[in-house]
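Encoded as structure tokens, the structure appears first; notes follow it.
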Amino acid sequence: MAMASLTLILLSLLPLHGIALLDEKNSADGFPPFCGNYECPKYQVLKKYNTFELRRYDSTRWVVTNLETDMFGLGIMKSFKRLFNYITGENVEGISIKMSVPVRATVPLQDQSINATMAFFVPTSVVTPPTPKDSSLHLESYPPTSYYVRSFSGYALKSDYEKQSKALSEELDGLGLAYDVNFGIAAGYNDPLTFFNRHNEVWFRLLNQ
């Protein structure tokens, strides 16, 4: 199933304010090399397939906002800015949080009346996430969850995420693997000035877990 008429975030064009992917030897302890020196959700690989893998993620928390879209991309930048303001202290407690990766977009594939969302991962070192001051932000918590993940490199635009998501869904269908067809997830890890070893992902949630 394709990403249809979704409005996926152009993750590779977002200004991640100096975030850069580091070499593997400089990656943050305990995290995959593609996370650089930034914290990202921890997971275990349950099974490797030819072009994708099944990952079991630890419990996670995210700060989330609606993903606004328009033909010029200004809405996307507004969504990102709201999240960035939150982690730089514009919250009720005035607490700053270190930037993390990935920037994640969750897009409805069936019910177009549901808003797409953009989210930042809340680092595990933050025991109690600060309360959003902006009413357009909210916090979400997820128990350990498994996802089928397809990774790809390069500067990824909307068409690239759509292509990779379509390929992943077709492979899952062909193998008879059950996944959530209602939502597609895109995850980006790099700022526009990272020219090499760029990392992007598309996810589908495993059903019956």
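The values are calculated or read from the model by the stated rules, or taken from the named source; none is laboratory data. Nothing here was measured: the structure is a model prediction, and the numbers come from that model. With ideal geometry, Cβ positions are generated from the backbone for all residues, glycine too; neighbour counts draw on all protein chains shown. In case anyone asks, the SASA skips ligands and DNA or RNA and just uses the protein heavy atoms, side chains included. Shrake-Rupley method; radii C 1.70, N 1.55, O 1.52, S 1.80 Å.
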Query raised in the report: What GluC sites (Glu not before Pro) does region 88-153 have in DSSP loop regions with at most 11 other beta carbons within 10 Å?
Result: 93
Query raised in the report: residue 35: accessible area at probe 1.4 Å, nearest 10 Å²?
Result: 0
Requested in this report: Note the full-extension length gain between residue 175 and residue 111 as 0.36 nm times their separation in residues minus their Cα-Cα distance, in nm to one decimal.
Outcome: 20.5 nm
Query raised in the report: Ordered by residue, what ³J(HN,Hα) values in Hz, to whole numbers, does region 161-168 give under the Karplus form 6.51 cos²θ - 1.76 cosθ + 1.60, where θ = phi - 60° and Gly and Pro are x?
Result: 5, 4, 4, 5, 5, 4, 4, 5
Query raised in the report: D for region 60-206, whole µm²/s, Stokes-Einstein with Kirkwood Rh over alpha-carbon pairs at 10 °C and 1.306 mPa s: what number?
Result: 97
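At a Förster distance of 25 Å, what's the computed FRET efficiency of residue 95 paired with residue 193, Cβ-Cβ distance as r, to 0.05?
Working: r = 28 Å, r/R0 = 1.12.
So the FRET efficiency works out to roughly 0.35.
Using 1/(1 + (r/R0)^6) with R0 = 25 angstrom and r between the beta carbons of residue 208 and residue 131, what's the FRET efficiency to the nearest 0.05?
0.10
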Query - Under 15 Å, Cβ to Cβ, from residue 126 - net charge with Lys/Arg +1 and Asp/Glu -1 - result: -1
Query raised in the report: How far is it, in nm, from the label point at residue 59 to the one at residue 157 when both lie 7 Å from their Cα along the line to the Cβ?
Result: 4.2
Query - Residues of type lysines that residue 166 reaches as a straight line, Cα spacing below 22 Å, ignoring anything fewer than 8 places off in the same chain - result: 47, 48, 158
Report summary line: Heavy-atom accessible area of residue 121, protein chains in place, probe 1.4 angstrom, given in Å² to nearest 10, is 10
Report summary line: Of the accessible area of region 120-195, computed with a 1.4 Å probe and all protein chains kept, carbon and sulfur make up a percent value of 58
**Report entry** Per residue, in Å², the accessible surface of region 86-209 once ligands and nucleic acids are set aside, probe 1.4 Å
**Finding:** 47
Requested in this report: Arrange the residues 107, 92 by how much accessible surface each exposes, largest first, with a 1.4 angstrom probe.
Outcome: 92, 107
